[in-house]
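Asker: Would you mind keeping the following structure in view while I ask a few things?
The values are calculated or read from the model by the stated rules, or taken from the named source; none is laboratory data. Values in this document were obtained by computation on a predicted structure and should not be read as measured data. Virtual Cβ from ideal backbone geometry, glycine too; neighbours counted across all protein chains shown. With ligands, DNA and RNA removed, areas are computed over all heavy atoms of the protein, side chains included. Shrake-Rupley method; radii C 1.70, N 1.55, O 1.52, S 1.80 Å.
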Amino acid sequence: MKNKKTRRIVIGVVLVVLAVFIVSKFYSYVDNYYRATDEAWTFINEPAEGVEVEYVDNTILFRPENPVAGFIFYPGGLVETEAYAPLMESLAEQGIFGVVVEMPYYLAMFDANGARGIQAKYPEITDWYIGGHSLGGAMACLYADRHQSEYEGLILLAAYSTKDLTDEPAVATLSIRGSEDGVLNMEKYEECKANLPSDFEEVVIEGGCHGYFGDYGMQAGDGEPSISVQEQTSETVDAIVDFVEK
């Protein structure tokens, strides 16, 4: 009996130590995220004329004076939310109301339903789009799969859909990637094109990379860009605006 009790105590201690190890490793991993640059923060702290930036619940709003459409955006994995301020504020200057969802631990897989209820908060906007960057784009696809009728379009930045989105009426889709992306799994990207509507639009930004859809510096494993983050942001904005205006 004593030996059995001792074994149970030893097993219990081992399990506790293992749990503590796993939790500590997890927090070490998620704390090692990509920070928004000082330049990105200026878009938060000093918004462009005609654009209001506001933190509401678990979102950052980029509100233009006269919005023509809304865009719910899921950030990339382990990227600080504010890193997307240059992109979203530039879109707001073109009349697109941006709603960036702040993800737990900067990982969209922990809140794939983050878009839920957002449209109802802003009934003045009738045309909505959803999308995201990298992991955020993949999670936005999961949500769009169940709510296609609620959106005018899906916008993917260096991302692909593992869900079949071809059921009619299929949601219009825009896929943007950089030609020098070293992070995106191109084999999987090409394979998953079959999950998008046959008429989806693809834009390849020449000289662009994976990380430059946000402003957080170079991402580990990424390719060498031949354009600046500002240039990639500008080309991305142009492609999205053209897509929304169609």
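Asker: Can you give me the angle between helix 2-31 and the longest principal axis of the chain, using Cα atoms only, in degrees from 0 to 90, rounded to the nearest 10?
Answerer: Approximately 20 degrees, to the nearest ten.
Asker: Amide H of TYR34: which non-local residues (sequence gap of 5 or more, or other chain) have their own amide H closer than 5 Å, using H built in the peptide plane?
Answerer: VAL79, GLU80
Asker: Among residues other than VAL101 whose Cβ falls under 11 Å from its Cβ, what is the net charge (Lys/Arg +1, Asp/Glu -1)?
Answerer: Net of charged neighbours comes to -2.
Asker: Nearest 5 percent is fine: what portion of the DSSP beta bridges confined to region 29-97 is antiparallel? Mind showing how you got there, number by number?
Answerer: Values: 6 of 9 bridges.
If we restrict to bridges inside region 29-97, about 65 percent are antiparallel.
Asker: Given region 57-199, what percent of its DSSP beta bridges are antiparallel, to the nearest 5? Kindly include the intermediate steps, with their values, before the conclusion.
Answerer: Details: 4 of 24 bridges.
The answer is about 15 percent antiparallel.
Asker: If you don't mind, another one. Only Lys, Arg, Asp and Glu count, each charged at its Cβ (+1, +1, -1, -1), so figure out the dipole size of the chain about its Cα centre, rounded to 20 debye.
Answerer: Dipole of the chain, to the nearest 20 debye: 2580 debye.
Asker: On to the next question. Quick one: how many Å² of GLU201 are accessible to a 1.4 Å probe, rounded to 10?
Answerer: Roughly 50 Å² of GLU201 is accessible to a 1.4 Å probe.
Asker: Oh, and also: Under 5 Å between amide hydrogens, which residues at least 5 positions from GLY214 or on another chain qualify, with H placed 1.01 Å from N in the peptide plane?
Answerer: none
Asker: Something else: Quick one: of the DSSP bridges fully inside the chain, what percent are antiparallel, nearest 5?
Answerer: Values: 10 of 36 bridges.
Around 30 percent of the beta bridges assigned by DSSP in the chain are antiparallel ones.
Asker: What residue among GLU150, GLU187, GLU93 shows peak mean-square fluctuation when the chain is described by a Gaussian network model with Cα springs under 10 Å?
Answerer: Looking only at GLU150, GLU187, GLU93, the largest GNM fluctuation is found for GLU187.
Asker: Tell me what the chain gives for mean residue ellipticity at 222 nm when only DSSP H runs of n ≥ 4 count, each as -39,500 (n - 2.57), the sum divided by the residue total, rounded to 500 deg cm²/dmol.
Answerer: Value at 222 nm, helices only: -11000 deg cm²/dmol.
Asker: For a quick check: with amide H placed at 1.01 Å from N, whose amide H comes under 5 Å from THR59's, ignoring anything fewer than 5 positions away on the same chain?
Answerer: Answer set, sorted by chain and number: GLU102.
Asker: Treating the angle as unsigned and between 0 and 90°, give the value, to the nearest 10°, between the Cα long axis of helix 229-245 and the longest Cα principal axis of the chain.
Answerer: Rounded to the nearest ten degrees, it is 70.
Asker: Hey, if we sort PHE243, PHE110, PHE43 by accessible area with the 1.4 Å probe, largest down, what's the order?
Answerer: Result, largest first: PHE110, PHE43, PHE243.
Asker: For region 79-87, just list the computed ³J(HN,Hα) in residue order, Karplus coefficients 6.51, -1.76 and 1.60, θ = phi - 60°, integers in Hz, with x standing in for Gly and Pro.
Answerer: Karplus values, whole Hz, x for Gly and Pro: 10, 4, 3, 5, 5, 9, 4, x, 5.
Asker: If you don't mind, another one. Give the angle, between 0 and 90 degrees and rounded to the nearest 10, that separates the Cα long axis of helix 135-146 from the longest principal axis of the Cα atoms of the chain.
Answerer: On a 0 to 90 degree scale, this one is about 80.
Asker: Working with all protein chains in place, sort ASP199, ASP215 by solvent-accessible area computed with a 1.4 Å probe, largest first.
Answerer: Heavy-atom accessible area, descending, gives ASP199, ASP215.
Asker: Still on this structure, I have one more. Using the Karplus curve 6.51 cos²θ - 1.76 cosθ + 1.60 with θ = phi - 60°, work out ³J(HN,Hα) for each residue of region 68-73 in order, rounded to whole Hz, and write x for Gly and Pro.
Answerer: Listing the rounded values in order: 9, 6, x, 9, 8, 10 Hz.
Asker: What's the local net charge at ASP145, with K and R +1, D and E -1, over the other residues with C-beta under 13 Å away?
Answerer: It works out to a net charge of -1.
Asker: Another question about this same structure. Residue by residue through region 93-107, which ³J(HN,Hα) values in whole Hz follow from phi under the Karplus form 6.51 cos²θ - 1.76 cosθ + 1.60 (θ = phi - 60°), with glycine and proline marked x?
Answerer: Whole-Hz 3J(HN,Hα) from phi for region 93-107: 5, 9, x, 9, 6, x, 10, 9, 7, 7, 9, x, 6, 6, 10.
Asker: Measuring with a 1.4 Å probe in the full set of protein chains, what accessible area per residue, in whole Å², belongs to the chain?
Answerer: On a per-residue basis, the chain sits at 49 Å².
Asker: Roll a 1.4 angstrom probe over the protein heavy atoms and tell me the percent of accessible area of region 152-240 that is carbon or sulfur.
Answerer: On the way: 1630 of 3840 Å².
Exposed carbon and sulfur together represent 42 percent of the surface.
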